[in-house]
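Inspection log for the structure reproduced underneath, given as structure tokens.
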Amino acid sequence: MISAGRVTVNGEIAALGRRVNVARDAVAVDGVRIGVFPGLVHYLLNKPRGVVTTADDPHGRPTVTQLVPDRPRVFPVGRLDADTEGLLLMTNDGELAQHLTHPSFGVEKEYLAQVEGVPGRAALRLLRNGVDLEDGPSAPAKVGVVGEARDGVLRIVVHEGRNRQVRRMCEAVGHPVRRLVRVRVGPIALRELEPGAWRVLSAKEVRLLEVAVKPGTSPLPSARPEEAASADRRSRRSARRQPPG
């Protein structure tokens, strides 16, 4: 890849034998920045219901970090509320985590939502066009009915990451969520993992995530792996505001 001119360092085409400083230099392949810090790990976890998305919980509830190896220390990429199940990425790759969660990159999150009642055309149209919420209107979402309409199961794809967003959207159109499962983040889908199980992402999957975050548009500075902890601190502050149970 270097000989073919596909690798750049700080925007310049790399030469064979060139050395880089992993704490300072920006290395990209085909224009997409890649993680070069040693010791980076990326896990995919099928989060069960009742587990909170934080490193520790003041109420003593089980946490997602208890379900994956404790070394090296990893942090959740974004959060799922305690009652929501499904795909959760966990990593010590701070830069990738920031890009995946920042709304400017528009990474899709796909959910299966079982709701109360049978959503009609008007409710589906509202979800697709955007719903007025207390913190502002939601962005347009991709929404479809799964199976028979009477089953009340919706496939909802959003690219924002607001707190309990899908639940609040469905409640706003008169169909509160009974069960919510996240099945995809960007190019990574949840397949063949039992609740509570995890696996290591392949190099190809990590590459797909790096491609999914649009290169060259980040409003954020480069992040070292330990900076992934900042997202967890935000999660812990939020968890303290939640009652147990």
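List of remarks:
- Condition broken by residue 127, with the remaining ones in (1) out of contact with any Asp or Glu (no Cβ under 9 Å at 6 or more places or on another chain); (2) assigned to a helix (DSSP H, G or I); (3) closer than 18 Å to residue 49 by Cβ satisfied: (3)
- The range 20-70 - residue that is farther than 18 Å from residue 206 by Cα and of a type in the set (Asp, Glu) and, of those, surrounded by the most Cβ atoms within 10 Å (Cβ to Cβ): 57
- The combined condition, being at pLDDT 90 or above and touching a Phe, Trp or Tyr at 6+ places or on another chain (Cβ under 9 Å), is not fulfilled by residue 80.
- Exactly one residue out of 93, 81 is surrounded by fewer than 20 Cβ atoms within 10 Å (Cβ to Cβ), in contact (Cβ under 8 Å) with a residue 60 or more places away in the chain and under 18 Å from the mean Cα position of the chain (by Cα): that is 81.
- Within the range 151-165, the set of residues being in contact (Cβ under 8 Å) with a residue 60 or more places away in the chain, surrounded by 14 or more Cβ atoms within 10 Å (Cβ to Cβ) and farther than 17 Å from residue 89 by Cβ comprises just one member, 164.
- All positions within the range 96-108 that are buried (at least 23 other Cβ atoms within 10 Å of the Cβ) and either under 23 Å from residue 62 (Cβ atoms) or among the polar types (S, T, N, Q) (or both): 97
- Test result for residue 166, assigned by TED's automatic domain parsing to the domain that holds residue 150, more than 23 Å from residue 24 (Cβ to Cβ), at pLDDT 90 or above and over 15 Å from the mean Cα position of the chain (by Cα): no
- Extreme residue, nearest to residue 198 (Cα to Cα), among residues of the range 19-48 that are touching an Asp or Glu at 6+ places or on another chain (Cβ under 9 Å) and among the β-branched types (Val, Ile, Thr): 41
- Candidate set from the range 135-150 (those that are within 21 Å of the chain's Cα centre (by Cα) and in a loop (DSSP other than H, G, I, E, B)); member that is surrounded by the fewest Cβ atoms within 10 Å (Cβ to Cβ): 135
The values are calculated or read from the model by the stated rules, or taken from the named source; none is laboratory data. What you are looking at is a predicted structure, and each value in this text was computed from that prediction instead of being measured. All Cβ positions, glycine included, derive from the backbone under ideal geometry; neighbour counts span all protein chains shown.
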